[in-house]
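Some notes on the structure that comes next.
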Amino acid sequence: MSEQFDVAIIGAGPSGSSAAALLHKKGWRVCVLEKQHFPRFVIGESLLPHCMEILDEAGFLPAVEAEPTFQFKNGAAFTWGSRYTYFDFTDKFSPGPGTTYQVRRGIFDKILIDEAEKQGVTVRYGHTVTAFDNSGDEAILSVEQENNEPYQLQAKFVLDASGYGRLLPRLLDLELPSHLPVREAHFTHIDDNITDPSFEREKILISTHSTYRDVWIWLIPFADNRTSLGVVGLPERFAGIGDSETILKKFVSEVPMLKRILKDTVWDNEVPYRNIRGYSANVKSLIGKHFALLGNASEFLDPVFSSGVTIALHSAKLAADVLDKQLSGTAVDWQTEFADPLMIGVNAFRTYVNGWYDGGFQDAIFADNRTPEISRMISSILAGYAWDTSNPFVEKSERRLKALAETVGHLEYK
């Protein structure tokens, strides 16, 4: 059996469903191939406001806003020892939405792909791409169904939205080691029972560990008393401590604010403790003959600023726009119209990820002498507007961050 579509998309996560919906709205025949069945557990649960623009354009926003477990989000809070500060995403340098949601990804991803299917996108679950032939005038995907029945799917173009699976990078030998050190994360969902008035449920809380500034803990509350909780650090920070549950509880207990606000937490529910290691990734190229890589299939940095879903959605929007032009007969340059623009934001986020772990960006975040203007520029980055080159902290991110770190000086634990 062989079938033909204008566009084949590998993976039904946020980038795949968004690209599918955007292209279907332009009149193209789109097929999404997903090897798993939804819902499935995924982390990356704190969206950034920039995401809302793309979700709206894809036609997903009403369904997202209607989900009662999603927690309204208006900013990001940070704590280190006795220090506490926050950024209000409605007070930012860049135009665009200033609020978003914190979401259980199993529910969120299913909502998006269900909406794409309602719009008319063909979606096939339990279909695994096993080979990719890029030698002809069109791409040919070899696909295997769950009953082991194979078939071929022909498409004018393929978008790889396979996330951590990184299917085309593996099949085409495009993978490169990340420039970032290997880190690991240990995480679960808890029933938080937080009543402490100092805690703002409308913000993600990022906590720096009391001893190791390169270890941090995320706390992402949802609207139903459930919270995503995880600790991230170098493997040697966790060596010899025990399993993921032991590691997570130990490091949480060593952060004063977390110890206080989580005093009534129920740790044991149906959600298991999980861990991932070496999640950062890179590729030789984002594009090739008849294909482009979206989201985590292209490059994943680090979860610290919740940039993963934002980069995924931004890449989907860029790719859909370029591909619509190409399929309509207009000459396009994928490097200058997709890859280069996408890397503007990826590189900006990379600057602040590196700055977080070397301490310079942490010093800027916790500094008392940060000006309102600089706070608004940083707020825009944290809100996902890492492609706004009118923001000096995007256009000259490394230079600006270095100067800012020197201005505020090095902070000591208190």
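No lab work stands behind these numbers, since they all come straight from the coordinates. Note that the structure is predicted; figures quoted are calculated from it, not measured. No Cβ is skipped: glycine too gets one built from the backbone with ideal geometry, and neighbour counts run over all protein chains shown.
Odds and ends about this structure:
- Local electrostatic count at Val42 - Lys and Arg +1, Asp and Glu -1, tallied over other residues with Cβ under 11 Å: +3
- Kirkwood hydrodynamic radius computed over the range 106-242 comes to 19.5 Å, based on all pairs of distinct alpha carbons.
- Taking 14 Å as the straight-line reach from the Cα of Lys284, the aspartates and glutamates in range (excluding those fewer than 8 positions away in the same chain) are Asp173, Glu175, Glu299, Asp340.
- Helical contribution to [θ] at 222 nm, DSSP H n ≥ 4, -39,500 (n - 2.57), averaged over the chain, rounded to 500: -10000 deg cm²/dmol
- Between Val182 and Ser328, the contour length at 0.36 nm per residue exceeds the Cα-Cα span by 48.3 nm.
- Pairs with C-alpha atoms separated by more than 23 Å, drawn from the list Lys92/Lys259; Lys156/Lys325; Lys25/Lys156; Lys35/Lys73; Lys35/Lys118, are Lys92/Lys259; Lys35/Lys73.
- Label-to-label distance, nm, for residues given as Glu57 and Glu236 (7 Å Cα→Cβ offset): 4.4 nm
- Separation of the Glu245 and Ser285 label points, Cα + 7 Å toward Cβ, nm: 4.9 nm
- Rg and Dmax of the range 242-289, both derived from C-alpha coordinates alone, stand at 17.6, 55 Å.
- Sorted by Cβ density within 10 Å, fewest first, the residues Asp324, Asp173: Asp173, Asp324
- Hydrodynamic analysis of the range 184-277 uses the Kirkwood radius over alpha carbon pairs. Inserted into Stokes-Einstein at 20 °C and 1.002 mPa s, it gives a translational diffusion coefficient of 161 µm²/s.
- Label-point separation in nm, Gln335 to Val271, each point 7 Å along Cα→Cβ: 4.4 nm
- Coordinate range along principal axes, alpha carbons of the chain, Å, largest first: 65, 46, 40
- Positive minus negative residues near His209 (Lys, Arg vs Asp, Glu; Cβ under 11 Å): +1
- Measuring nothing but alpha carbons in the range 145-199 and taking Rh as the Kirkwood radius, the Rg to Rh ratio lands at 1.22.
- This ranking places Arg83, Arg104, Arg399 by how few other beta-carbon atoms lie within 10 Å of each, fewest first, which gives Arg399, Arg83, Arg104.
- His37-Glu406 FRET efficiency (beta carbon distance; Förster radius 41 Å; 0.05 resolution): 0.20
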